[in-house]
Amino acid sequence: MIRSVVFDVGETLVDETREYGTWADWLGVPRHTFISIFGATIAQGKDYREAFQVFKPGFDLAEEREARAAAGKPETYGEDDLYPDVRPALSALREQGVWVGIVGNQTLRSGKILRSLDLPTDFIATSDDWGIEKPKVAFFEKVAEVSPGEPHEIVYVGDRLDNDLAPAKKAGMRTAFIQRGPWGWIQRDAPEVADLSDWKIHDLNELPKITAAENG
């Protein structure tokens with residue numbers, strides 16, 4: 001039985017095209033160039049933050065976020081950045097009586113934005129709220145703690161093997177890999193996808209059908 005479905009944020013619920021475009025602007029490089037380096041960094045299996053180092057050696061993401069905010073250009077997103085399947089999928093899950101949570105590696109600011117969107121969820125938290133980041137085991141232990149059901153009754157939905165599927169599986173959860181965003185497309189044919197995901201989906205609206213079938 002599936003009692004809870006918990007979602008990652010970036011590229012699972014939120015299309016980050018605008019966010020990375022504004023980072024390119026902040027660094028003073030063409031957006032196409034930045035995105036190309038970003039994708040190449042992921043494809044090489046490196047930490048995505050290394051892409052920033054190409055353009056600005058010594059780049060510190062936390063410091064640059066503060067600098068952007070101080071300059072009146074903070075990272076932000078809104079309703080228009082949500083993937084179109086988000087609201088209908090989350091609503092359909094809740095109509096089935098499935099508990100819906102959103103927990104990802106996000107800042108306090110991002111958490112405030114998520115809550116302001118009034119999404120059809122039962123719970124929203126970020127890594128900054130908890131002081132724990134994915135892929136640490138403690139993060140997913142916390143997810144299991146706040147979500148109804150035993151770990152095997154919880155499905156974690158994400159686009160990344162390293163940050164989402166692998167640690168969620170290690171915590172005893174079931175997983176759904178969504179093929180979208182840079183990680184989703186670059187890693188789509190990796191053998192680990194089959195090993196680490198219970199389901200591979202292309203649209204969040206596939207999830208209510210999965211839960212309905214699993215829960216009879």
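Being free of Cβ contacts under 8 Å to residues at least 40 places away in the same chain and surrounded by fewer than 21 Cβ atoms within 10 Å (Cβ to Cβ) is true of P135. Show the residue pairs that are 6+ apart or on different chains and have beta-carbon atoms under 6 Å apart, the first residue being within region 179-201 and of a type outside the set (V, I, T), the second being open to solvent by 70 Å² or more (accessible area, probe 1.4 Å) and in a loop (DSSP other than H, G, I, E, B). These pairs meet every condition: Q179/R188; Q179/H202.
When you check P88 against the structure, is it in contact with a helix residue (DSSP H, G or I) (Cβ under 7 Å, 6 or more places away or on another chain), closer than 30 Å to T121 by Cα and surrounded by 13 or more Cβ atoms within 10 Å (Cβ to Cβ), yes or no?
Taking the combined requirement at face value, the residue does not satisfy it.
Identify, please: which residue in region 76-92 is of a type in the set (S, T, Y) and in a loop (DSSP other than H, G, I, E, B) and is, among those, modelled with the highest pLDDT? My answer is Y83.
Note on region 169-181: residues that are open to solvent by 30 Å² or more (accessible area, probe 1.4 Å) and under 18 Å from L204 (Cβ atoms) amount to 1.
Of all residues in region 94-118, those satisfying the criterion of being assigned to a loop (DSSP other than H, G, I, E, B), open to solvent by 20 Å² or more (accessible area, probe 1.4 Å), under 24 Å from G149 (Cα atoms) and touching a residue at least 12 places away in the same chain (Cβ under 8 Å) are Q96, N105.
The values are calculated or read from the model by the stated rules, or taken from the named source; none is laboratory data. Note that this is a predicted model, so its numbers are computed, not measured. Don't worry about glycine lacking a Cβ; one is built from the backbone with ideal geometry, like all the others, and counts go over all protein chains shown. Heads up: the accessible areas ignore ligands, DNA and RNA and are worked out on the full protein's heavy atoms, side chains in. Shrake-Rupley method; radii C 1.70, N 1.55, O 1.52, S 1.80 Å.
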